[in-house]
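J.: One structure is given below, represented as structure tokens, and several questions about it will come after.
The values are calculated or read from the model by the stated rules, or taken from the named source; none is laboratory data. Predicted model, so just to flag it, every value in this text is computed and none were measured. Methodologically, a virtual Cβ is constructed for each residue, glycine included, from the backbone with ideal geometry; neighbour enumeration extends over all protein chains shown.
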Ligand SMILES: Cc1ncc(COP(=O)(O)O)c(C=O)c1O
């Protein structure tokens, strides 16, 4: 079976893990610190607070932003459930907005349609790695949290996505452009938010162990001034992250090559709408290749590909459809995408033969 997502891990990751094992240190330690520094340097970020998942990065970022309880956070309906869960778990109200059909991204217009005097923040997602129109959205005057889970290598001008809005979050899960078993990170241009995120991620322990002890005779005492679950990363995950960071350019070049091949091969397929390329001055991360099947036969295509050993999927089922969010909204573009969109395989482990197989199977589909 050709997988829809995948990562390239091997001897480089094993070698990094080996040194942590030899040093008898697996938990939060020097590798996490090094990953935080190297990642921040590569992306030109002030700092990174690494955590145990992208989902928890969103949760922590919102908590560190200290938004008024009960206030509203606008986010796309066409995104992963963790985005809305992070809002709700912080005692805030998720308010879903629509996305643009072509880019699958939120726009200043779709956000404005849902703004009210209760809006305290906007969470945007650079869907598939295509940068969102940040300048227009930031001009709305509400703090913007960038979910850059798909956009580790996306840029607008000279600035990497995640480092443009008030706060940015990354995911390093096993299928992301920078893959680890599970991992995430928070960044911000506001040192107070960063400091709060760093303090909160370990059960809200302000300072731990010896560092915290006011009475140095009892160095095991620590201060706690907020509620937070344990969201700590570890040195084994960070070891893999460090090796992945060194490979990122190579993996990105492969993703880009496959993307460009698909764009060429599918140009004249009448029933298929191709994803939108980066605009001038932008850089795409090529996280997923998301087509739209515009003749009503999306499910048939997915079955046809599965029968040929090619796994595809949909990212995402619109969030306003889930009853726990009690939303009576009609969001026509997200709903249309739910019927038309399909992610086809795009990742650095695909061989040229895999890509040929995928192209032939799609072009051979009787749309
Ligand atoms: C847009 C988006 N945000 C957040 C996440 C959560 O990241 P993680 O899987 O690392 O928890 C994902 C995961 O796929 C995602 O697609």
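J.: Only one of (1) touching a helix residue (DSSP H, G or I) at 6+ places or on another chain (Cβ under 6 Å); (2) crowded, with 22+ Cβ neighbours inside 10 Å; (3) in the same structural domain as residue 190 (by TED's automatic domain parsing) is not met by residue 95, so which one is it?
T.: (1)
J.: Which condition does residue 321 not pass, out of (1) crowded, with 16+ Cβ neighbours inside 10 Å; (2) more than 24 Å from residue 43 (Cα to Cα), if it passes all the others?
T.: Failing condition for residue 321: (1).
J.: Pick from 185, 241: which is under 28 Å from residue 9 (Cβ atoms), touching a strand residue (DSSP E or B) at 6+ places or on another chain (Cβ under 7 Å), buried (at least 19 other Cβ atoms within 10 Å of the Cβ) and in the same structural domain as residue 155 (by TED's automatic domain parsing)? Outline the logic, then answer.
T.: Values: 241 fails: touching a strand residue (DSSP E or B) at 6+ places or on another chain (Cβ under 7 Å).
So the residue among 185, 241 that is under 28 Å from residue 9 (Cβ atoms), touching a strand residue (DSSP E or B) at 6+ places or on another chain (Cβ under 7 Å), buried (at least 19 other Cβ atoms within 10 Å of the Cβ) and in the same structural domain as residue 155 (by TED's automatic domain parsing) is 185.
J.: Counting only residues that are free of Cβ contacts under 8 Å to residues at least 60 places away in the same chain, under 10 Å from residue 125 (Cβ atoms) and in a strand (DSSP E or B), how many does the stretch 141-156 have?
T.: Final tally of qualifying residues: 1.
J.: Across the stretch 200-234, what is the total count of residues that are at pLDDT 95 or above and part of a helix (DSSP H, G or I)?
T.: Residues that pass the stated criteria total 1.
J.: Could you list, in sequence order, the residues of the stretch 162-177 that are in a loop (DSSP other than H, G, I, E, B) and either within 10 Å of the ligand (Cβ to nearest atom) or over 25 Å from residue 138 (Cβ atoms) (or both)? Spell out the reasoning first.
T.: Quick first cut of the stretch 162-177, residues in a loop (DSSP other than H, G, I, E, B) only: 162-166, 172-177.
If the condition is that a residue be in a loop (DSSP other than H, G, I, E, B) and either within 10 Å of the ligand (Cβ to nearest atom) or over 25 Å from residue 138 (Cβ atoms) (or both), then 172, 173, 174, 175, 176 are the ones that fit.
J.: So, in the stretch 49-92, of the ones that are within 14 Å of the ligand (Cβ to nearest atom) and surrounded by fewer than 24 Cβ atoms within 10 Å (Cβ to Cβ), which residue ends up farthest from the chain's Cα centre (by Cα)?
T.: Among residues in the stretch 49-92 that are within 14 Å of the ligand (Cβ to nearest atom) and surrounded by fewer than 24 Cβ atoms within 10 Å (Cβ to Cβ), the one farthest from the chain's Cα centre (by Cα) is 89.
J.: Tell me which of these residue 286 doesn't satisfy, since it passes every other one: (1) on the phi < 0 side of the Ramachandran plot; (2) buried (at least 16 other Cβ atoms within 10 Å of the Cβ); (3) out of contact with any strand residue (DSSP E or B) (no Cβ under 6 Å at 6 or more places or on another chain).
T.: It fails just one condition, (1).
J.: Here's a follow-up. Scan the stretch 173-187 and report the pairs whose first residue is without any contact (Cβ under 8 Å) to a residue 60 or more places away in the chain and whose second residue is more than 8 Å from the ligand (Cβ to nearest atom) and assigned to a loop (DSSP other than H, G, I, E, B), with Cβ atoms within less than 7 Å and a gap of 6+ or a chain change.
T.: From the stretch 173-187, the pairs are 181/174.
J.: Now for a different question. For the stretch 341-358, which positions are touching a residue at least 60 places away in the same chain (Cβ under 8 Å) and surrounded by fewer than 18 Cβ atoms within 10 Å (Cβ to Cβ)?
T.: Filtering the stretch 341-358 down to residues touching a residue at least 60 places away in the same chain (Cβ under 8 Å) leaves 341, 343-350, 354-355, 357-358.
Residue satisfying the conditions is 349 alone.
J.: Pairs, please: C-beta under 6 Å, at least 6 apart or cross-chain, first residue more than 28 Å from residue 187 (Cβ to Cβ) and in the same structural domain as residue 53 (by TED's automatic domain parsing) and in the stretch 201-221, second surrounded by 15 or more Cβ atoms within 10 Å (Cβ to Cβ) and at pLDDT below 65?
T.: Matching pairs, first to second residue: 219/213; 221/213.
J.: Also: Being surrounded by fewer than 20 Cβ atoms within 10 Å (Cβ to Cβ) and over 30 Å from residue 9 (Cβ atoms): is that true of residue 311 here?
T.: Numbers: surrounded by fewer than 20 Cβ atoms within 10 Å (Cβ to Cβ): yes; over 30 Å from residue 9 (Cβ atoms): no.
No; evaluated as a whole, the condition is false for this residue.
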